[in-house]
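The values are calculated or read from the model by the stated rules, or taken from the named source; none is laboratory data. For clarity, every value in this text was computed on a predicted model and none was experimentally measured. Cβ sites come from the backbone with ideal geometry, for glycine too, and all protein chains shown count toward neighbours.
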Amino acid sequence: MQLRRTKGDSASLIGWWSNNGQPPATGVPQLRAALWRLSQPCWLLREGESYAVGAGGIATIGEAHGTGHPIAAYVPPCRPQSLGDPGFCATHGLKYPYTCGAMANGIGSAEIVEAMARAGMLAFFGSAGLSLPRVEAAIDRIQKNLGDLPFGFNLIHSPNEPRLEAGVVDLYCQRGIRLVDASAYLNLTLPLIRYRVHGIHTNREGAVVTPNYVIAKVSRVEVARRFFGPPPEKLLAALVQQGEISHEQARMAAAIPVAYDLTAEADSGGHTDNQPFIVLIPTMLALAEEMRAKHGYPLPLRVGAAGGISTPTSAAAAFAMGASYIMTGSVNQACVEAGTSQLVREMLCQARQADVTMAPAADMFEMGVKVQVLKRGTMFAMRAAKLYEFYRAHHSLEELPPTARSLLEKDYFRAPLDDIWGQTKRFFEERDPSQIEKAERDPHYRMALVFRWYLGRSSAWANAGEASRKIDYQVWCGPAMGAFNEWVQGTFLEQPASRTVVTVAKNLLVGAAILTRVQNLRVQGVRLPGEIGNVRPMEPEQLDACLSG
């Protein structure tokens with residue numbers, strides 16, 4: 001197929017190209033192959049009413065008259081390693097500016113963390129919702145298997161269980177966990193700041209050194225401003241009073257941001273404000289510049305992008321907007337390494353973009369906070385909304401009308417509510433006994449804990465693949481899952497067994513690099529056939545060829 005110039009082309013000649021008498025290649029397949037060689041420059045040459053492709057050779061730029069083939073456009077190399085901010089990769093020891101988010105309840109598994117680290121990328125273990133012994137077991141495994149390779153753990157805001165959040169921070173500090181993904185924070189907390197400033201000191205040159213790093217995941221400007229600012233004075237003072245840090249360490253901490261890196265979370269699965277991606281990223285980038293100028297930080301503040309990233313196009317768009325790195329979530333949950341069940345993977349592989357909805361969150365139920373979940377194949381969202389409706393309308397379990405109580409006991413809980421309260425009490429006797437004391441004083445809070453039993457168990461049933469409870473599965477999912485499924489339709493990645501986190505990640509990165517090169521031609525006035533920009537999923541061998549060629 002000849003690569004013809006099309007009506008509307010406005011590419012002007014920029015120079016001349018020659019290759020020792022060897023003719024340039026012609027045709028769409030030749031241009032496609034040249035653009036896919038990511039580490040090699042590509043010259044688009046004008047040949048009458050058509051284009052030709054030059055690779056290598058000698059080019060003279062800027063001369064109106066010359067010898068050889070006239071150059072219409074130039075495409076520089078664009079390797080996936082070059083996307084994003086090289087400072088982000090250098091700070092965290094990465095080859096690629098790509099991260100996997102911390103999917104709670106261990107869905108962001110040790111297997112995901114280890115696979116990504118070995119591929120030169122970063123993943124966070126999904127410790128939210130897990131007991132401290134399970135988190136410590138994950139630390140044991142990951143530290144043993146990865147050594148100095150990059151990895152992180154989640155630190156989630158727990159407004160209803162502050163002791164748990166503090167216990168997780170204790171564990172991370174004791175075990176030398178140096179990087180956390182701080183998620184679901186509405187405000188900064190004492191445990192979060194204690195983690196950030198733990199071990200703070202100055203080096204020989206007098207620069208402040210912080211062993212512990214925080215990557216914040218936020219979707220609101222007011223929350224981002226807090227993370228980009230120094231630790232609040234009152235929290236530093238409290239840590240000094242508790243003997244956690246010295247006055248000198250508090251002085252050092254006042255000169256650093258809580259987070260140098262911040263992930264702007266758009267329309268994602270799980271906790272989300274459903275922010276528009278195209279609006280959120282520029283806002284956060286502007287805030288980063290504002291806060292660095294205000295506080296005079298020696299290093300730049302960086303913004304990554306998350307939420308809705310599941311195709312090469314969305315990844316390329318994030319990097320084009322200035323994201324230092326990208327973070328994926330929903331698509332990883334459908335991969336073989338995810339800590340969930342085969343039933344859930346199959347459900348996710350069938351999802352389309354409209355197959356998601358919002359539902360009450362288990363950890364912030366009383367506050368009315370919602371999470372984005374899969375609605376196809378499950379009644380969880382509808383049932384969770386009904387529980388919140390009952391909670392708002394009544395002040396205790398005893399106030400529930402007989403018909404409502406019967407519905408809950410027969411269809412939702414499949415047990416008497418008194419039995420569910422007994423199970424809930426036993427759970428909190430180990431996790432946080434103060435929750436029981438509060439519930440026994442406050443019937444409305446006792447109702448909330450019982451209803452949260454269903455919200456919490458629904459995720460556990462999904463992860464375990466409890467077939468009898470499939471209708472109640474809570475599966476965190478954003479529209480990115482549907483976009484991914486539509487992109488991979490008819491390819492090897494359509495099958496759940498073929499989806500590995502590294503293969504998915506490399507496809508997104510390689511595809512983003514290719515599309516960036518295609519866009520480079522477009523902005524030079526070249527109108528291309530549609531198939532040039534049609535990047536389809538590649539097998540691992542093809543990916544490696546693109547990455548090395």
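Go through segment 303-337 residue by residue and tally those that are over 19 Å from Trp487 (Cβ atoms) and under 15 Å from the mean Cα position of the chain (by Cα).
5
Do you know which residues across segment 119-131 are in contact with a helix residue (DSSP H, G or I) (Cβ under 8 Å, 6 or more places away or on another chain) and either exposed (fewer than 15 other Cβ atoms within 10 Å of the Cβ) or at positive phi (or both)?
Gly129, Ser131
Counting only residues that are modelled with pLDDT of 90 or more and polar (S, T, N, Q), how many does segment 262-281 have?
1
Output the residues belonging to segment 317-361 that are of a type in the set (Val, Ile, Thr) and under 23 Å from Leu83 (Cβ atoms).
From segment 317-361, those of a type in the set (Val, Ile, Thr) are 326, 328, 331, 336, 340, 344, 356-357; that's our starting set.
Result: Ile326, Thr328, Val331.
Suppose we filter segment 372-416 for residues that are closer than 30 Å to Met481 by Cα and touching a Pro at 6+ places or on another chain (Cβ under 6 Å); how many remain? Working first, answer last.
Just the residues of segment 372-416 that are closer than 30 Å to Met481 by Cα, to begin with: 372-389, 411-413.
Then drop every residue that is not touching a Pro at 6+ places or on another chain (Cβ under 6 Å), which leaves 384, 388.
Residues meeting the conditions: 2.
Which one of these does Asp418 not meet: (1) under 26 Å from Asp355 (Cβ atoms); (2) part of a helix (DSSP H, G or I)?
Only one criterion in (1) under 26 Å from Asp355 (Cβ atoms); (2) part of a helix (DSSP H, G or I) is unmet by Asp418, namely (1).
Residue by residue, here is whether (1) crowded, with 23+ Cβ neighbours inside 10 Å; (2) in the same structural domain as Leu122 (by TED's automatic domain parsing); (3) on the phi < 0 side of the Ramachandran plot; (4) in a helix (DSSP H, G or I) holds:
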{"site": "Met252", "(1), (2), (3), (4)": "no, yes, yes, yes"}
{"site": "Asp273", "(1), (2), (3), (4)": "no, yes, yes, no"}
{"site": "Ile278", "(1), (2), (3), (4)": "no, yes, yes, yes"}
{"site": "Met284", "(1), (2), (3), (4)": "yes, yes, yes, yes"}
{"site": "Ala305", "(1), (2), (3), (4)": "yes, yes, yes, no"}
{"site": "Thr313", "(1), (2), (3), (4)": "no, yes, yes, yes"}
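Here are the criteria: (1) on the phi > 0 side of the Ramachandran plot; (2) modelled with pLDDT of 85 or more; (3) more than 34 Å from the chain's Cα centre (by Cα). Tell me which single one Gly84 does not satisfy.
Failing condition for Gly84: (3).
Would it be correct to say that Leu13 is crowded, with 20+ Cβ neighbours inside 10 Å and either under 43 Å from the mean Cα position of the chain (by Cα) or among the small types (Gly, Ala, Ser) (or both)?
So Leu13 fails the test.
Spot the failing condition for Gln241; the list is (1) more than 16 Å from His295 (Cα to Cα); (2) of a type outside the set (A, V, I, L, M); (3) surrounded by 13 or more Cβ atoms within 10 Å (Cβ to Cβ), and only one is missed.
Only one criterion in (1) more than 16 Å from His295 (Cα to Cα); (2) of a type outside the set (A, V, I, L, M); (3) surrounded by 13 or more Cβ atoms within 10 Å (Cβ to Cβ) is unmet by Gln241, namely (3).
Restricting attention to segment 302-335, which residues are over 26 Å from Gln495 (Cβ atoms) and of a type in the set (Ser, Thr, Tyr)?
Within segment 302-335, Ser324, Tyr325 qualify.
What strands (runs of 3 or more DSSP E), lying completely within segment 93-208, carry at least 1 residues that are under 21 Å from Asp363 (Cβ atoms) and of a type in the set (Lys, Arg)?
none
Select from segment 405-415 the residues that are surrounded by fewer than 16 Cβ atoms within 10 Å (Cβ to Cβ) and either under 37 Å from the mean Cα position of the chain (by Cα) or outside any helix (DSSP H, G or I) (or both) and list them in ascending order. First the steps, then the outcome.
Narrowing segment 405-415 to residues surrounded by fewer than 16 Cβ atoms within 10 Å (Cβ to Cβ): 406, 410-411, 414-415.
Hits for segment 405-415 are Asp411, Arg414, Ala415.
Determine which single condition Ile326 fails, assuming it passes every other condition in (1) over 21 Å from Val475 (Cβ atoms); (2) buried (at least 16 other Cβ atoms within 10 Å of the Cβ); (3) outside the structural domain of Gly126 (by TED's automatic domain parsing).
(3)
So which residues in segment 23-67 are without any contact (Cβ under 8 Å) to a residue 12 or more places away in the chain and part of a strand (DSSP E or B), if there are any at all?
Of everything in segment 23-67, nothing turns out to be without any contact (Cβ under 8 Å) to a residue 12 or more places away in the chain and part of a strand (DSSP E or B).
Looking only at segment 177-185, decide whether some residue is farther than 27 Å from Pro433 by Cβ, modelled with pLDDT of 95 or more and among the acidic types (Asp, Glu). If you could, list the steps in order and put the result at the bottom.
Step one: list which residues in segment 177-185 are farther than 27 Å from Pro433 by Cβ, which gives 178-179, 181.
Now drop any that are not modelled with pLDDT of 95 or more, which leaves 178-179, 181.
From what's left, among the acidic types (Asp, Glu): 181.
Checked against the condition, which is being farther than 27 Å from Pro433 by Cβ, modelled with pLDDT of 95 or more and among the acidic types (Asp, Glu), segment 177-185 yields at least one hit.
Checking Ser341 against (1) under 16 Å from Phe88 (Cα atoms); (2) modelled with pLDDT of 95 or more, which single condition isn't satisfied?
(1)
Output the residues belonging to segment 470-496 that are over 19 Å from Ala361 (Cα atoms), surrounded by fewer than 19 Cβ atoms within 10 Å (Cβ to Cβ) and at pLDDT 95 or above. I'd like the intermediate steps shown before the answer.
So in segment 470-496, the residues over 19 Å from Ala361 (Cα atoms) come out as 480-496.
The next check asks that each one be surrounded by fewer than 19 Cβ atoms within 10 Å (Cβ to Cβ); those that pass are 486, 489-492, 494-496.
If the condition is that a residue be over 19 Å from Ala361 (Cα atoms), surrounded by fewer than 19 Cβ atoms within 10 Å (Cβ to Cβ) and at pLDDT 95 or above, then Glu486, Gln489, Gly490, Thr491, Phe492, Glu494 are the ones that fit.
If I ask for residues that are over 23 Å from Lys506 (Cβ atoms) and either outside any helix (DSSP H, G or I) or acidic (Asp, Glu) (or both), which ones from segment 516-547 would you list?
Val523, Gln524, Gly525, Val526, Arg527, Leu528, Pro529
Considering only residues of segment 326-371 that are touching a Pro at 6+ places or on another chain (Cβ under 9 Å), among the aliphatic types (A, V, I, L, M) and part of a strand (DSSP E or B), which is farthest from Ala448 (Cα to Cα)?
Checking each candidate, the answer is Ile326.
For (1) among the hydroxyl-bearing types (Ser, Thr, Tyr); (2) closer than 29 Å to Val535 by Cα, each residue gets a yes or a no:
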position: Arg446; (1), (2): no, no
position: Phe451; (1), (2): no, no
position: Ala464; (1), (2): no, no
position: Ser468; (1), (2): yes, no
position: Cys477; (1), (2): no, yes
position: Trp487; (1), (2): no, yes
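Sort out which residues of segment 438-473 are over 14 Å from Ser396 (Cβ atoms), among the acidic types (Asp, Glu) and in a helix (DSSP H, G or I), and write them in order of number.
Asp472
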